[in-house]
1. Please report the net charge: other residues with Cβ closer than 14 Å to the Cβ of P99, K and R +1, D and E -1.
2. Local charge sum around G135 (other residues, Cβ-Cβ under 15 Å, Lys/Arg +1, Asp/Glu -1)?
3. From the residues P29, L90, I195, which one has its Cα farthest along the dipole of the chain in the positive direction, the dipole being from +1 and -1 charges on Cβ of Lys/Arg and Asp/Glu about the Cα centre?
4. Can you run the Rg to Rh ratio on the chain? Use alpha carbon positions and the Kirkwood inverse-distance Rh.
5. Over what distance in Å are the Cα centres of region 103-147 and region 5-72 separated?
6. Ranked highest first by the average count of other Cβ atoms within 10 Å around their residues, in what order do 143-150, 157-164, 37-44, 237-244 fall?
7. What residues have an amide H closer than 5 Å to that of A231, excluding those fewer than 5 places away on the same chain, when H is modeled at 1.01 Å from N in the peptide plane?
8. Please state the Cα pair-distance histogram of region 176-262 with 5 angstrom bins from zero: what percent is in each bin?
Amino acid sequence: MVKTARPIGIFDSGIGGLSVAAAIRELLPNEPLLYVGDSAHVPYGGHDDQFIRERAGALADFLVDRGARAIVIACNTATAAAAARLRERLAIPVVGMEPAVKPAAAATRSGIVGVLATAGTIASARFAGLLDRFGEGVEVLTEPCPDLVDLVERGVLTGDDAQTRVSAHVRPLVSAGADTLILGCTHFPFLRSLIQQEAGAEVRIIDTGAAVARELQRRLPADESAAQEEAGIELFTSGDPERFSRIARRLWIDAPDAGPLN
Ligand code: DGL
C-alpha cells in the first residue's frame with residue numbers, strides 16, 4: 001500500500017497565498033499541499049488584529065485536523081497579527097512571512113526603498129521592528145494598496161483597470177527615488193509584470209515567496225511516508241468554492257476544484 005505524506009498546510013486571507021504555494025511547489029515538488037483561503041473575510045488589511053488572530057486560529061485548526069505537519073502563513077498581514085499566538089499554541093512548525101526589508105536595504109543604491117503592502121502590515125509592530133533592525137540609513141516609503149488585493153481576488157491581472165491602479169501606487173514611489181520595491185503582500189507577485197512595467201526595468205522588485213519556501217524546507221519534519229513523485233494541491237475556501245476555483249485556475253495551472261471550509 002502506498003502511504004501519502006502528511007501535507008503542508010498553507011493559509012491566506014484569500015487567493016494571494018497561492019504565490020507562496022507556487023514557490024513551495026517549486027522547491028518541494030513531492031510535498032502534498034493543503035491550501036485554505038479565507039475568502040469570506042478578505043481583505044485582512046482592513047480588519048483588526050483580534051479578528052485576524054481568531055480567523056488564523058480557525059484556519060490553522062482546520063489544517064491541523066486534516067493532518068498538516070507544518071503551517072505556512074502565506075500572508076504578511078496575518079503573520080504580523082497572529083504568528084506569535086499560533087506558535088505558542090501549535091506543536092508543529094509555523095512559518096510566517098514579512099516584508100523583505102533586510103534584502104531590500106542591502107540591494108538599494110539610491111537609499112530609497114518602497115514597500116507595497118496592506119495598511120495592517122504597515123501599521124504593525126512587527127514591521128516597525130523590521131525597520132528598526134534593518135532600515136538604518138535607508139529611507140523606506142510605505143504604500144498601502146487594498147485595491148491591488150481586490151484586483152487579484154477578482155483574477156484581474158492585466159488590462160487598463162489593473163494598469164491604472166498599479167501605476168497609481170508604483171509611480172509615486174519611483175518618482176520619489178525608490179530603486180527597490182518590496183512586495184509586502186502575497187497577492188502582489190501575481191501583478192509583478194505589471195508592477196515591473198510601471199516601475200521600469202531598472203527598478204528591483206523583491207518578493208519573499210522563495211525565501212519562505214527555503215525556511216519551510218529547513219524546518220519541515222521528515223515524513224517517512226513521503227512520496228517520491230510529484231504531489232498535488234488541495235484547495236479550500238470559506239467563500240464561494242465555485243468562484244474560488246474559477247479564479248484559482250487563472251493563477252495555478254490545473255488547480256483542482258476547491259472545497260468548502262467546514
Ligand atoms: N495576502 C495578504 C498579505 O500578504 C493580505 C491581503 C489582505 O487580505 O488584505 O498581507
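No value in this document is a laboratory result; all are computed from the given coordinates. Because the structure is predicted, anything quoted here is derived from the model rather than measured. Quick reminder, even Gly has a Cβ in these numbers, built from the backbone with ideal geometry, and neighbours come from all protein chains shown.
1. Details: positive: K102, R126, R133; negative: E98, D132, E143, D207.
Neighbourhood net charge equals -1.
2. Values: positive: K102, R126, R133; negative: E98, D132, E136, E139.
Local charge sum for G135: -1.
3. Among P29, L90, I195, the one farthest towards the positive end of the dipole of the chain is L90.
4. On the way: Rg = 17.8 Å, Rh = 18.5 Å.
Ratio of gyration radius to Kirkwood radius: 0.96.
5. With region 103-147 and region 5-72 each reduced to a Cα centre, they are spaced 24 Å.
6. Numbers: 143-150: 20.5, 157-164: 12.4, 37-44: 22.8, 237-244: 18.4.
Put in order of decreasing packing, that is 37-44, 143-150, 237-244, 157-164.
7. Here the answer is N30, E31, since their amide H atoms fall under 5 Å of that of A231.
8. Calculated P(r), rounded to whole percents: 3, 11, 13, 15, 17, 18, 12, 7, 3, 1, 0.
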